[in-house]
Amino acid sequence: MGKAKKRYVCQACGAAASRWQGQCADCAEWNTLVEDAPVTAFAQKHDLSGGGRKIAFSSLDAPSAPLQRIATGLAEFDRATGGGLVPGSAILMGGDPGVGKSTLLLQAAGRMAQAGRSVAYVSGEEAAAQVRLRAARLGLSAAPVGLASATSVRDILTTLAEGPAPDLLVIDSIQTMHSDLIEGAPGTVSQVRGCAFELIRFAKERGCVLVLVGHVTKDGAIAGPRVLEHMVDVVMSFEGERSHQFRILRALKNRFGAVDEIGVFAMAGAGLEEVPNPSTLFLSGRDQPLAGSVVFPALEGTRPVLVEIQALIVRLQSGATPRRAVVGWDGGRLAMLLAVLESRCGLSFSSAEVYLNVAGGYRLNDPGADLAVAAALVSALADREMDPKHVWLGEVSLAGEIRPVAHGPLRLKEAAKLGFTVAAGPAGLGPPQGLAYHPMERLGNLVDRVIGGV
Ligand code: TYD
Ligand code: MG
């Protein structure tokens with residue numbers, strides 16, 4: 001047999017290369033290639049076409065037991081996971097350092113333990129005393145959570161193999177785990193993948209819910225291997241600006257439910273508080289009419305969330321290139337809207353700086369926000385105060401037409417429920433009771449309404 005081939009794996013994206021290079025050919029990251037543990041020679045030595053056990057095929061309509069779910073007791077967490085945790089499944093919880101992953105999971109673990117479930121929380125990052133301190137802060141000291149500080153997967157699994165498996169096993173974080181059966185330092189692709197594989201196998205065999213915490217790199221991917229996302233059943237992402245209070249828990253992949261539901265929390269002195277009505281959080285302290293401030297009924301999954309969009313226009317005296325800065329929305333879309341306002345409505349932004357901000361650190365991905373953004377821009381440009389009880393929704397085409405948005409009636413209903421009295425948006429949308437509706441066909445209608453008040 002020839003010499004075993006060396007293999008190098010990118011720690012950022014998991015791509016493999018046959019020789020070492022300074023830059024990954026796949027994701028273009030620098031200095032991320034590391035020699036991988038040798039591939040087992042098992043497949044080379046054995047003929048894999050015989051000698052296995054027979055597997056049974058069944059029909060698609062064969063009866064099966066309904067999916068069981070364990071509620072965590074945090075309603076927002078359960079909502080984001082599609083109704084609770086499924087025994088025997090693996091969940092990857094990604095998020096920036098400091099966003100609150102450990103806090104969230106300790107709270108969920110505490111709630112479940114208080115409800116009589118057996119829970120094991122293994123921290124590889126913090127000493128047990130640190131976790132205890134956090135539990136005290138969260139008021140969970142009395143919750144019967146089994147707490148351990150460990151990083152060896154073999155130790156963890158050996159311990160758990162004795163006695164009944166816990167209902168919930170939290171590993172915080174997978175990047176700190178290592179297995180002595182695998183080469184490489186903790187956090188390398190082969191370690192992360194190997195440790196996750198062992199832990200997931202344990203969860204599937206013993207029917208416990210496994211939650212793996214995963215750090216996120218600066219560009220938003222869960223650090224280390226993409227393969228981890230394929231190995232687990234559910235990928236959750238915990239998002240939010242550290243400087244802001246609110247946090248969103250989102251499912252990016254879910255084998256047991258929809259991926260468009262979110263859970264909303266606010267980080268407070270005593271841990272994460274559930275926010276059953278997010279709109280009140282994003283709109284707080286907003287009752288004065290202001291120029292450049294507009295409310296948009298956004299949609300997160302099936303859940304309407306009202307957010308405030310703010311625009312600021314600063315006229316430039318000199319011929320310097322004006323800045324365009326956007327927080328919480330797509331910069332390319334802003335450029336498009338400015339161009340449409342300029343060419344279809346004759347409004348000129350070319351000698352002005354344009355700043356756009358979605359309040360509260362919220363990120364909007366909804367094309368239905370075009371009209372609201374345009375209203376904020378026009379109001380800021382003309383320095384016209386906006387009615388604080390007015391919402392705007394609609395997509396704007398390059399021709400300047402106002403297009404319908406998904407779930408318009410649901411969004412308007414939420415606005416009416418929260419005390420908004422006026423709405424403007426695409427034609428053909430029936431408003432709920434108590435809401436005056438201004439249908440708009442083109443962007444010109446918006447300019448008339450903001451500047452001319454019609
Ligand atoms: P943590 O859960 O440690 O984040 P992660 O595990 O994602 O790295 O929490 C990080 C921040 O949350 C920390 O900077 C302090 C803040 N925090 C609160 O504001 N209130 C609290 O009750 C707790 C426990 C944390
Ligand atoms: Mg942590």
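The values are calculated or read from the model by the stated rules, or taken from the named source; none is laboratory data. Remember, predicted model here, so these are calculated numbers, not experimental data. Glycine also receives a Cβ, built like all others from the backbone with ideal geometry; neighbour counts cover every protein chain displayed.
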For MET112, the lone unmet condition from (1) modelled with pLDDT of 95 or more; (2) surrounded by fewer than 16 Cβ atoms within 10 Å (Cβ to Cβ) is (2)
Flagged in region 93-107 as charged (D, E, K, R) and either more than 9 Å from ligand 2 (Cβ to nearest atom) or outside the structural domain of ILE171 (by TED's automatic domain parsing) (or both), in numbering order, are ASP96
Inspect region 423-437 for any residue being over 28 Å from the mean Cα position of the chain (by Cα), in the same structural domain as GLN288 (by TED's automatic domain parsing) and in a helix (DSSP H, G or I) and give the result as yes or no.
no
Within region 430-454, the residues that are surrounded by fewer than 19 Cβ atoms within 10 Å (Cβ to Cβ) and modelled with pLDDT under 90 are GLY430, PRO432, GLN433, GLY434, ILE451, GLY452, GLY453, VAL454
| task | Would you be able to say whether some residue in region 149-165 is in contact (Cβ under 8 Å) with a residue 60 or more places away in the chain and either within 16 Å of ligand 2 (Cβ to nearest atom) or not in a strand (DSSP E or B) (or both)? | result | no
For region 99-134 the number of residues that are of a type in the set (A, V, I, L, M, F, W, C) and closer than 23 Å to PHE246 by Cβ is 6
Residues in region 101-148 that are of a type in the set (S, T, N, Q) and assigned to a loop (DSSP other than H, G, I, E, B) total 2
In the set ALA71, ALA75, ALA80, the lone residue that is under 29 Å from LYS253 (Cα atoms), in contact with a Gly (Cβ under 7 Å, 6 or more places away or on another chain) and surrounded by fewer than 23 Cβ atoms within 10 Å (Cβ to Cβ) is ALA71
From the option list ARG111, ARG137, ARG193, single residue qualifying as more than 16 Å from ligand 1 (Cβ to nearest atom) and in contact (Cβ under 8 Å) with a residue 12 or more places away in the chain is ARG193
Scanning region 211-263 for residues that are of a type outside the set (A, V, I, L, M, F, W, C), part of a loop (DSSP other than H, G, I, E, B) and at pLDDT 90 or above, the one farthest from ligand 1 (Cβ to nearest atom) turns out to be ARG255
Residue check for LEU334: closer than 20 Å to LEU443 by Cα and either surrounded by fewer than 23 Cβ atoms within 10 Å (Cβ to Cβ) or over 32 Å from the mean Cα position of the chain (by Cα) (or both): yes
State whether one or more residues within region 334-347 are in a loop (DSSP other than H, G, I, E, B), assigned by TED's automatic domain parsing to the domain that holds ALA374 and over 12 Å from VAL373 (Cβ atoms). yes
Picking from GLY98, GLY88, GLY73, the residue that is away from ligand 1 (no atom under 16 Å from the Cβ), under 19 Å from LEU272 (Cβ atoms) and part of a loop (DSSP other than H, G, I, E, B) would be GLY73
Scanning region 26-60 residue by residue, those loosely packed, with under 11 Cβ neighbours inside 10 Å, part of a loop (DSSP other than H, G, I, E, B), modelled with pLDDT of 80 or more and of a type outside the set (Val, Ile, Thr) turn out to be GLY52, ARG53, LYS54, ALA56, PHE57, SER58, SER59, LEU60
Expected single match for more than 14 Å from ligand 2 (Cβ to nearest atom) and touching a helix residue (DSSP H, G or I) at 6+ places or on another chain (Cβ under 6 Å) among ALA113, ALA90 is ALA90
Within region 172-189, residues within 19 Å of LEU210 (Cα to Cα) and either within 15 Å of ligand 1 (Cβ to nearest atom) or part of a loop (DSSP other than H, G, I, E, B) (or both) come out as ASP172, SER173, ILE174, GLN175, THR176, MET177, SER179, GLY187
Counting only residues in region 274-299 that are farther than 22 Å from GLY425 by Cα and crowded, with 18+ Cβ neighbours inside 10 Å, the one nearest to ligand 2 (Cβ to nearest atom) is identified as VAL275
